[in-house]
Amino acid sequence: MLTAGCTAEGPSPTASQGFGPTVAFESVDGPPPQVFQRLVKVLETEGATRHISVVSREANPTYRVRSYYAAQVKRGTHNASIAWVWDVYAGDQSRAARLSGTEPAGAAGADAWDAASDQVLRRISQAGLSGLTNLVNGGTAPAQSAPPVPETAGPAVAGLPAAETPETGAPSQALAFSGQ
């Protein structure tokens, strides 16, 4: 099934194979172990309905997915949301799509991840798998291009250009990103 090849220690040797295009989940970053395990189960169920086989990372899948999740609580409230991103790569290692979204999760306890119910995880899985299924079936996934990364000789530094350094007593300016 969909995430049978994805465990905390790496791919499972019992990854489902045998129908449809193949997908390997390279990583699932962000959720704590108890949420990760529930997410894997939800992805298995949702993936099976879309006829996508998940294989081990060592296999030669049609697509590879790196996924990222973050739980956050809106300042001044107890309302949490789960932001997610799936970077989908084709067999030639070029990024085929970036799927992303933010799912409202309701009231959170001491930890924002407390609001990650099975229902919230299911909505995230359905959205991600719908985009992946559309891509696999030759449709257009709601891809987002990655912002260009400036090529530099050294590390990126936040600072004010020398010509714009405020003089003593002058109002301060906001820092800007400089790839130089």
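The values are calculated or read from the model by the stated rules, or taken from the named source; none is laboratory data. Just so it is clear, the model here is predicted, and its values are computed rather than measured. These area figures cover heavy atoms from the full protein model, side chains too; ligands, DNA and RNA do not enter into them. Shrake-Rupley method; radii C 1.70, N 1.55, O 1.52, S 1.80 Å.
The table below lists the values:
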{"quantity": "Alpha-carbon centroids, segment 121-135 and segment 58-90: separation in whole Å", "calculated": "11 Å"}
{"quantity": "Sulfur and carbon atoms: percent of accessible area, segment 31-105 [1.4 Å]", "calculated": "48 percent"}
